[in-house]
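Some notes on the structure that comes next.
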Amino acid sequence: MAQIPPHLALGYIASEMLTFVTVQSRLLKMDATDLMITACVAALSTRDALKDPDRIPEYKGGAHALPLKYCTGIATKEVSYALNMSRETTRRRLERLVKSGHLIKENRVYFMAYQGGDNDFTATARNIAVNTIKRLHDAYETYSQ
């Protein structure tokens, strides 16, 4: 069985990441750093719940955003560490994302803003992610025959 050459795999992944960041940052009118901070909060706050998404009936396999009751708050320190940014820069960016409505702050932790109906700004991101996975799978199938 042939394997995808590493440079080609990296090219596919880099291209898909660039497309995702470019499209989402334009749709949401935010720069790439704010988009990465938002993605970081989303990923870290849902990591435990998504270990078994089928146990969450409201999730419907990704058709809906994960309800906030399943999310855990993320501290500035966690985002700063994950993205290798200074804590003060991260704090300022997080506060700006709260003011713009992309994040919620409760006490000293951050969550994604409610995602539902007209306020679901992650719907496009979820669709892009599903299509990206399909394209990467197709590339894998092409090389593993």
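The values are calculated or read from the model by the stated rules, or taken from the named source; none is laboratory data. All values derive from a computational prediction rather than experimental measurement. As a convention, Cβ positions derive from the backbone with ideal geometry for all residues, glycine included, and neighbour counts pool all protein chains shown.
When residues of the range 78-102 are filtered for being part of a loop (DSSP other than H, G, I, E, B) and among the hydroxyl-bearing types (Ser, Thr, Tyr), how many remain?
2
Look through 50, 27 and report the one residue that is at pLDDT below 85, surrounded by 12 or more Cβ atoms within 10 Å (Cβ to Cβ), within 15 Å of the chain's Cα centre (by Cα) and closer than 30 Å to residue 142 by Cα.
50
Out of curiosity, is residue 129 more than 14 Å from residue 38 (Cα to Cα), surrounded by 13 or more Cβ atoms within 10 Å (Cβ to Cβ) and small (Gly, Ala, Ser)?
yes
Of the numbered conditions (1) closer than 27 Å to residue 130 by Cα; (2) surrounded by fewer than 16 Cβ atoms within 10 Å (Cβ to Cβ); (3) at pLDDT 95 or above, residue 78 satisfies every one except a single condition; which is it?
Every condition holds for residue 78 apart from (2).
Pick from 105, 134: which is of a type outside the set (A, V, I, L, M, F, W, C), free of Cβ contacts under 8 Å to residues at least 40 places away in the same chain and either touching a strand residue (DSSP E or B) at 6+ places or on another chain (Cβ under 6 Å) or part of a strand (DSSP E or B) (or both)?
105
Consider residue 133 carefully, then state whether it is under 30 Å from residue 3 (Cβ atoms), over 12 Å from the mean Cα position of the chain (by Cα), among the aliphatic types (A, V, I, L, M) and modelled with pLDDT under 85.
In short, yes.
State yes or no: is residue 109 over 16 Å from the mean Cα position of the chain (by Cα) and not acidic (Asp, Glu)?
Here the answer is yes, as residue 109 does meet what is asked.
Here's a check for you: in the range 7-24, which residue that is more than 19 Å from residue 127 (Cβ to Cβ) and at pLDDT 80 or above is surrounded by the most Cβ atoms within 10 Å (Cβ to Cβ)?
This residue is 11.
For the range 1-21, name all the residues that are in contact with a helix residue (DSSP H, G or I) (Cβ under 8 Å, 6 or more places away or on another chain) and either more than 10 Å from residue 143 (Cβ to Cβ) or β-branched (Val, Ile, Thr) (or both).
Correct list: 4, 12, 13, 16, 19, 20, 21.
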